[in-house]
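Colleague: Below is a structure I'd like to ask you about.
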Amino acid sequence: MNRNGICVAGNLIVDINYHVSAFPSPGQLVTILEDKTMTVGGLACNVGIDLAMLDRELPIHILGCLGDDPEGRLIMAQFAKHKNINTTGIATCGQTSYTLAMNDATTRERTFFQFRGANAAFDGKDIAWDSIPAKIFHAGYILLMDGLDAEDPEYGTNMARMLADARKQGMLTSVDIVSEASDRFSKLVPPALKHVDYCIINEYEAGKTTGIPLRDEAGKLNKQLMPDALHALKALGVTRWAAIHVPEGCFGLDEHGSFISLPSLKLPHDFIRSTTGAGDAFCAGVLYGAHEDMPLKEALRLGTAAAAASLGASDANSGVRLLRDSMDFYYELGGE
């Protein structure tokens, strides 16, 4: 089979956003300042749509679970805007997952309440592999998908089994993790990394996975430890690219063991409208580079450009630009 395109498997979420005067203490009442907004989120939504925004001809396949409800229909309507997104792999079950996002007008901080919903039912065991001609299979998030995080007697987790199955079909594999404050990383992440060609995560996730602290107690980035963390990810099984993104820039180790570091872009004043989904946009850019057989450095540039452009929109996706526009944007802002 001449494989082409990217399959994105994982959580499908609707973000319900509220802007409140302040986040209340228990028992208190606060005012909701404006009408709520509903946007799509989660790895399968964000990365899938971001890839469609980068290249309108790239075949994209989505796998996951949605409920037959208004939230599920909202997600499907967003996918339907992109002719190159195939949603036949989305199963219907339960209630669509949603996140209540409380935006504090006083502190500008956000507080989240997450309902797992239909995402918890997706375990990767009933995938019609013959119907997926993709070149790359990207899955996540580890720690947020109950069905995929469940134990598998042979592979350790269902996520690891699904990635191994994708490889058996001839696909390259990629995985992402959620930034959970827990001690579950050492149990759930290593089994998956044994079956991964690309790992694209942030510094918190990399630190929790490898045990290497990538920020000190004051929050300063430990840049000197980045090569160690990337080599540790490779040692856990990542075969091609390990990449770590941070607000300050990005770091990567390619298939030849070469270390690459790029700074973030200097954005215009007041450009940033929301940071939601920037990590997924970065991941989409790097995955696209992998699909197109770019060297890692060029893929990291595209990931940086996609993430930076996404910051200019209030949702996770609409700021992402076509490939050529993304790279023009990158170099206009002084990208290396």
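Colleague: For the stretch 252-271, which positions are more than 15 Å from TYR330 (Cα to Cα) and assigned to a loop (DSSP other than H, G, I, E, B)?
Modeller: Once the filter is applied, which keeps residues that are more than 15 Å from TYR330 (Cα to Cα) and assigned to a loop (DSSP other than H, G, I, E, B), the stretch 252-271 yields ASP254, GLU255, HIS256, GLY257, SER258, HIS269, ASP270.
Colleague: May I pose another question? Which residue pairs have Cβ atoms under 9 Å apart, sit 6 or more places apart or on different chains, and have a first residue in the stretch 309-336 that is at positive phi and a second that is surrounded by fewer than 14 Cβ atoms within 10 Å (Cβ to Cβ)?
Modeller: Listed pairs, sorted by first residue: GLY334/LYS266.
Colleague: Hey, which of the strands (runs of 3 or more DSSP E) in the stretch 45-109, taking only ones fully inside, have at least 3 residues that are at pLDDT 95 or above and under 16 Å from ILE136 (Cβ atoms)?
Modeller: On the way: elements: 60-66, 85-92, 97-104.
Qualifying strands (runs of 3 or more DSSP E): 60-66, 85-92.
Colleague: Another question, if that's okay. Which of the numbered conditions does ASP270 fail, given that it passes all the others? Conditions: (1) surrounded by 15 or more Cβ atoms within 10 Å (Cβ to Cβ); (2) over 15 Å from TYR198 (Cα atoms).
Modeller: Single failed check for ASP270: (1).
Colleague: Any chance you could count how many residues in the stretch 312-336 are buried (at least 20 other Cβ atoms within 10 Å of the Cβ) and either within 18 Å of PRO263 (Cβ to Cβ) or touching a strand residue (DSSP E or B) at 6+ places or on another chain (Cβ under 7 Å) (or both)?
Modeller: Count: 4.
Colleague: Go through the stretch 197-231 residue by residue and tally those that are acidic (Asp, Glu), within 25 Å of GLU255 (Cβ to Cβ) and surrounded by fewer than 18 Cβ atoms within 10 Å (Cβ to Cβ). Spell out how you get there, then give the answer.
Modeller: Our first condition is that a residue be acidic (Asp, Glu); within the stretch 197-231, this holds for 197, 203, 205, 216-217, 228.
In the following step, the residues that additionally are within 25 Å of GLU255 (Cβ to Cβ) were identified as 197, 203, 205, 228.
Subsequent filtering for residues that are surrounded by fewer than 18 Cβ atoms within 10 Å (Cβ to Cβ) retains 228.
Within the stretch 197-231, residues that are acidic (Asp, Glu), within 25 Å of GLU255 (Cβ to Cβ) and surrounded by fewer than 18 Cβ atoms within 10 Å (Cβ to Cβ) number 1.
Colleague: Need a quick list: helices (runs of 4 or more DSSP H) entirely within the stretch 140-238 having at least 1 residues that are within 23 Å of GLY285 (Cβ to Cβ). Step through it out loud before you land on a result.
Modeller: Details: elements: 146-149, 158-168, 185-193, 203-210, 226-235.
Passing ranges, in order: 158-168, 185-193, 203-210, 226-235.
Colleague: A follow-up question, please. Being among the hydroxyl-bearing types (Ser, Thr, Tyr), more than 21 Å from the chain's Cα centre (by Cα) and under 28 Å from LEU311 (Cβ atoms) is true for just one of THR106, THR92, THR111. Which residue is that?
Modeller: That would be THR106, the only listed residue that is among the hydroxyl-bearing types (Ser, Thr, Tyr), more than 21 Å from the chain's Cα centre (by Cα) and under 28 Å from LEU311 (Cβ atoms).
Colleague: Among the residues of the stretch 148-169, are any surrounded by fewer than 24 Cβ atoms within 10 Å (Cβ to Cβ), of a type outside the set (D, E, K, R) and under 17 Å from the mean Cα position of the chain (by Cα)?
Modeller: No, there is no match, as no residue in the stretch 148-169 is surrounded by fewer than 24 Cβ atoms within 10 Å (Cβ to Cβ), of a type outside the set (D, E, K, R) and under 17 Å from the mean Cα position of the chain (by Cα).
Colleague: Here's something else I'd like to know. Does the stretch 282-308 hold any residues that are over 13 Å from LEU323 (Cα atoms), assigned to a helix (DSSP H, G or I) and without any contact (Cβ under 8 Å) to a residue 40 or more places away in the chain, and which are they?
Modeller: none
Colleague: Residue by residue through the stretch 125-147, note down the ones that are crowded, with 24+ Cβ neighbours inside 10 Å and at positive phi.
Modeller: GLY140
Colleague: Name the pairs whose Cβ atoms lie under 7 Å apart, with the first residue in the stretch 138-149 and within 9 Å of ALA9 (Cβ to Cβ) and at pLDDT below 95, the second of a type outside the set (S, T, N, Q) and assigned to a helix (DSSP H, G or I), and 6 or more positions between them or separate chains?
Modeller: GLY140/LEU43
The values are calculated or read from the model by the stated rules, or taken from the named source; none is laboratory data. Since we're looking at a predicted model, the values are computed, not measured. FYI the Cβ positions are ideal-geometry reconstructions off the backbone, even for glycines, and counts take in every protein chain you see.
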